[in-house]
Amino acid sequence: MSAPLAMLAVQGAVYTKLSADGELTVDLGAGVYDNVPENAPFPHIVLGEATEVPANSQDRFARDTVVTLHVWTKALGHTEGLTIGQRVNALLDHQPLTIPGLDHVATLFEFGQTLTDPEPPGDIRHLMLRYRVRTEQRPA
C-alpha cells in the first residue's frame, strides 16, 4: 500500500490560506490564482509548480511537497512584490496548514528570487517563493 500524492491537497491548503487573508488580498491588493484570468489586475500571486518526494518513516507514509509561488507586479522596483512576499512568508513559514486527509508536519521557506520581465515594455516585476511542506498520512 502506498500513500496518495499530497500535491493537490497541499495546493488547496496554500490557496485557501492565502486567499482568506484580508491583509494580503485587501490591504496589499494581491489576488490569488491557480489559473490567472487574462485581464487579472496586478499585483497577484499564482500557484506555480510543485514537486513531491517520499519522506516516509518506519510506520507512516510521508511526503515533502515543494510548492513554488509567483508574485507578479507592475510596480516600479521590487518593493511591492517583496512586501507581498513578506506577508506570504508570515502566513506560511513555520505556520500550520489545514490539509484535508493529511497531517501537516511543517511548512518551511526554502527560496526567494526577484526577477524583472525582460520583454518589452519590461514593466513587470516577478518574485518567486518556494516552500517545502511535510505531510504524513493519517493512521487508519
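The values are calculated or read from the model by the stated rules, or taken from the named source; none is laboratory data. Remember, predicted model here, so these are calculated numbers, not experimental data. Reconstructed Cβ throughout: ideal geometry from the backbone, glycine too, with neighbour counts over all protein chains shown. Note: areas computed on protein heavy atoms with side chains; ligands, DNA, RNA excluded. Shrake-Rupley method; radii C 1.70, N 1.55, O 1.52, S 1.80 Å.
Looking at GLY85, is it assigned to a helix (DSSP H, G or I) and closer than 25 Å to PRO121 by Cβ? It is true that GLY85 is assigned to a helix (DSSP H, G or I) and closer than 25 Å to PRO121 by Cβ. Within the option set THR83, THR51, THR107, being of a type in the set (Val, Ile, Thr) and either open to solvent by 60 Å² or more (accessible area, probe 1.4 Å) or at pLDDT below 95 (or both) holds for one residue only, THR51. When VAL53, VAL67, VAL71 are checked against the criterion of being within 11 Å of the chain's Cα centre (by Cα) and closer than 19 Å to GLU136 by Cβ, a single residue qualifies: VAL67. Condition check for PRO41 on (1) open to solvent by less than 70 Å² (accessible area, probe 1.4 Å); (2) within 25 Å of GLU23 (Cβ to Cβ): one failure, at (1). Number of residues in region 26-67 that are of a type in the set (Val, Ile, Thr) and in contact with a Gly (Cβ under 8 Å, 6 or more places away or on another chain) equals 2. If only residues of region 114-140 that are open to solvent by 50 Å² or more (accessible area, probe 1.4 Å) and of a type in the set (Val, Ile, Thr) are counted, the one that is modelled with the lowest pLDDT is THR116. Within region 12-33, residues that are in a loop (DSSP other than H, G, I, E, B) sit with their Cβ atoms under 9 Å from residues that are open to solvent by 40 Å² or more (accessible area, probe 1.4 Å) and polar (S, T, N, Q), at 6+ positions apart or across chains, in these pairs: LEU28/THR83. On inspection, LEU92 does not qualify as open to solvent by less than 70 Å² (accessible area, probe 1.4 Å), in contact with a His (Cβ under 9 Å, 6 or more places away or on another chain) and not charged (D, E, K, R).
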